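Undergrad: Sharing a structure, written as structure tokens. Questions coming.
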Amino acid sequence: MQIEQYRDALLLLMVGIAAVNDLATRRIPNRLLLAGLAGALLLHALSAEPGVALLSACGGMLLGLAVFLPFYLVRGMAAGDVKMMAVIGFFTGPAEAFQIAVFTWCAGGVMALFLILLRSRVRLAFVNIGHLLSGLIVPGTKLSDTTLPQSAGSMPYGLAIAFGTIAALVTHYG
């Protein structure tokens, strides 16, 4: 088995454990992410070209952080989700990290629609969307002024990240 396959197996194990933990406790443990980061670092160091692999890993980590951090800053995502995507980026590198982010956003959108319908919060969701959009349209409105009166609900986004990661790896291995 090549290093890449070990790396992908470890990545799947990490996102699987994170998804189950997020479903059960609504948290993604830092210890899990640090263990995944250490494992990925070791596997990158053992690769055929460790310098290239580590440089790509750092780029992937920065990209993973950059694409999810804005959602955390507007309180649309928890810090554990952002850290998890950064660690996933360290595993995969920037190109695959971006692909995983796109698949994750799709999975998260489907999950959000399902939960909104399940919880009968469709009207509240549209009110919140209108409130956010009006904050973007009205000149001089600050992001802090667009605080929503009530949330339509939260969800374990670690599950969406796991689905996005699995989808990316399935397309990779075809």
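Read-outs throughout are calculated quantities, based only on the coordinates presented, and are distinct from any laboratory measurement. Bear in mind the structure is a predicted one, so any value in this text is a computation, not a measurement. Using ideal geometry, Cβ is built from the backbone for each residue, glycine included, and neighbour counts are taken over all protein chains shown.
Undergrad: Whole-Hz Karplus ³J(HN,Hα) for the stretch 19-35, in order, using 6.51 cos²θ - 1.76 cosθ + 1.60 and θ = phi - 60°, x for Gly and Pro?
TA: Running phi through 6.51 cos²θ - 1.76 cosθ + 1.60 with θ = phi - 60° gives 5, 5, 5, 5, 5, 7, 10, 6, 9, 10, x, 4, 4, 4, 5, 5, 5 Hz.
Undergrad: Just want the ordering: S56, S47, S120, S154, from fewest to most Cβ atoms lying within 10 Å of their own Cβ.
TA: Going from least to most buried by this count: S120, S154, S47, S56.
Undergrad: Using the 10 angstrom Cβ neighbour count as an exposure proxy, how do E96, E4 rank, fewest first?
TA: E4, E96
Undergrad: Starting from the Cα of L118, move 7 Å in the Cα-to-Cβ direction to define the label point; list residues of the stretch 3-37 whose amide nitrogen is under 16 Å from there.
TA: The answer is 19-27.
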